[in-house]
1. Obtain the nm distance between the two label points defined at R252 and K201 by a simple spin-label model: each point lies 7 Å from its Cα along the Cα-to-C-beta direction.
2. Using a Gaussian network model of the chain with C-alpha springs under 10 Å, which one of C239, C99, C89 is most mobile by mean-square fluctuation?
3. Ordered by residue, what ³J(HN,Hα) values in Hz, to whole numbers, does segment 205-220 give under the Karplus form 6.51 cos²θ - 1.76 cosθ + 1.60, where θ = phi - 60° and Gly and Pro are x?
4. Count the lysine pairs in segment 140-265 whose Cα atoms sit under 24 Å apart, keeping only pairs 8 or more residues apart in sequence or on different chains.
5. Which Cα, out of I152, P268, N212, lies furthest along the positive dipole direction of the chain (beta carbon charges, K/R +1, D/E -1)?
6. Rounded to the nearest 10 degrees, what's the angle between the helix 283-312 long axis and the longest principal axis of the chain, both from Cα atoms, 0 to 90?
7. Report, in deg cm²/dmol and to the nearest 500, the calculated mean residue ellipticity at 222 nm for the chain, where each DSSP H run with n ≥ 4 adds -39500 (n - 2.57) and the sum is divided by the residue count.
8. Suppose every K and R has +1 on its Cβ and every D and E has -1 on its Cβ; what is the size of the dipole of the chain about the Cα centre, in Debye to the nearest 20?
Amino acid sequence: MNIENFANVRVEILEYDNDHLKFELSNVDVAFANALRRVMIAEVPTMAIELVEIKNNTSPLHDEFISQRLGLVPLESSRVDQFVYRKECQKCSSGCDECSVRFRLQLRNHGEETVNVTSRHLEQILSDRPENADIKPVKYRSVLNEEAGIVITKLGKNQEIDLECTAVKGIGQQHTKWSPSCVSNFAHVPDIAIKETVMAKLNREEKLEFVNSCPTRVYNFNTRQQSVEIAQPNKCMFCDECVKKGQEILLRHDDLRNESLVKIGSKPNQFVFSIETNGSLRPEEIVINSIRVLRNKIAVVRNELENSTVLSNR
């Protein structure tokens with residue numbers, strides 16, 4: 001992809017809410033689209049629990065299992081840029097407020113009923129940095145629209161869990177717990193063309209048969225004009241069911257056997273992205289941060305090329 005073409009890149013938002021973003025990206029090639037997708041999954045930084053110190057655990061789950069479940073609890077990470085990677089921290093060697101956030105979980109079941117230990121029971125250990133207060137477990141709601149945390153373990157009567165844990169900055173390339181996206185994919189924008197001269201020779205029943213062959217209802221039958229319309233082209237999933245049905249219908253007509261009823265292709269350099277977040281970042285933050293990561297990568301390559309050119313000219 002020529003670098004000058006970036007000035008013509010176009011983005012159109014198709015769907016948006018707190019957890020999901022769907023947009024169309026135009027005037028880029030498939031290599032750039034795939035690079036953007038891979039960065040969204042593996043190289044956008046977030047905060048996640050990395051170290052767990054268990055002081056007491058009489059729950060049904062062993063220590064390692066609880067530690068693994070804690071690591072997979074998404075943490076709100078909109079201010080992740082205010083933290084440094086732990087291995088790059090110049091102020092400490094074992095964790096400080098600038099590279100980590102500490103939590104405590106302490107709970108004992110004094111009743112008869114089983115108690116769920118959830119991410120809502122994680123309490124942040126106070127810090128002097130205001131940025132640290134924003135790093136907290138993501139809030140989720142149940143099907144009844146009630147606030148509910150992620151279940152970590154369960155406690156029976158007189159069972160107890162007492163631990164401290166530390167969240168640090170990382171990327172999904174290191175471990176999937178740092179990946180901010182549940183879904184990050186793209187698809188080609190479909191290009192559908194109906195041959196109207198051939199379609200006009202079919203009867204009503206054959207047109208309806210063609211329309212109903214599409215599992216995602218891309219086509220619509222206009223009863224007033226007795227014609228087939230492309231109603232929802234973006235719902236096409238390239239299954240070719242309509243193409244097969246069209247060929248089947250045309251074989252019934254001796255004068256149409258060598259014709260085609262519909263042609264399915266893809267528009268060049270146009271892609272539809274679909275992103276779902278686990279709550280650690282908003283979907284638009286994932287996109288913006290991934291573009292920032294790509295720009296940094298390009299800057300590194302450019303600097304290396306410029307340095308190598310200078311050295312070769314000496």
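1. 1.5
2. C239
3. 5, 5, 5, 5, 4, 5, 4, 6, 6, 7, x, 9, 6, 6, 9, 9
4. Lysine pairs meeting the criterion: 19.
5. Working it through, the farthest residue towards the positive pole turns out to be P268.
6. 90
7. -7500 deg cm²/dmol
8. So the magnitude is around 340 debye.
The values are calculated or read from the model by the stated rules, or taken from the named source; none is laboratory data. Quick caveat: nothing in here was measured; it's all calculated off a predicted structure. Counting neighbours? That spans all protein chains shown, and the Cβs are built from the backbone with ideal geometry, glycine included. Ligands, DNA and RNA are excluded from the accessible area calculation, which covers all protein heavy atoms including side chains. Shrake-Rupley method; radii C 1.70, N 1.55, O 1.52, S 1.80 Å.
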